[in-house]
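This report concerns only the one structure given below.
The values are calculated or read from the model by the stated rules, or taken from the named source; none is laboratory data. Note that the structure is a prediction, hence the values are computed from the model and not measured. Here the Cβ positions follow ideal geometry from the backbone for every residue, glycine too, while neighbour counts run over all protein chains shown. Quick note on the areas: whole protein, heavy atoms, side chains included, nothing else; ligands and nucleic acids left out. Shrake-Rupley method; radii C 1.70, N 1.55, O 1.52, S 1.80 Å.
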Amino acid sequence: DTLTSINNLGSLLQDQGDLDGAGALSREALEGHRETLGDRHPDTLTSINNLGSLLQDQGDLDGAGALSREALEGHRETLGDRHPDTLTSI
């Protein structure tokens, strides 16, 4: 879908070193996922995790930690402790 494509492009830009461009797209994807799917949908949790990774690359460790914790809590609540997506969030 469109939001997944936006999220994927943000990840590509992050990999290419365009952290500002990646940030704009990652935030757009996360906002859209939250609005359309809710906070605990797997796609929303992936967007949260991706933005956390980007913030870590940008040196915003406090912001990255908050998002990483949110993604982990969401995965645990919705998928359980042993699901591969939960384990990736740890």
From Thr44, Thr36, residue being in a helix (DSSP H, G or I), open to solvent by 50 Å² or more (accessible area, probe 1.4 Å) and touching a residue at least 24 places away in the same chain (Cβ under 8 Å): Thr36
Condition check for Ala66: of a type in the set (Gly, Ala, Ser) and either open to solvent by less than 20 Å² (accessible area, probe 1.4 Å) or touching a Pro at 6+ places or on another chain (Cβ under 8 Å) (or both): no
Count - residues of region 34-65 that are among the basic types (Lys, Arg) and in contact with a Gly (Cβ under 7 Å, 6 or more places away or on another chain): 1
Test: residue in region 8-23 that is open to solvent by less than 90 Å² (accessible area, probe 1.4 Å) and not in a helix (DSSP H, G or I): yes
Options Arg76, Arg82: the member that is surrounded by fewer than 15 Cβ atoms within 10 Å (Cβ to Cβ) and at pLDDT below 95: Arg82
Condition check for Leu61: at pLDDT 95 or above and surrounded by 13 or more Cβ atoms within 10 Å (Cβ to Cβ): no
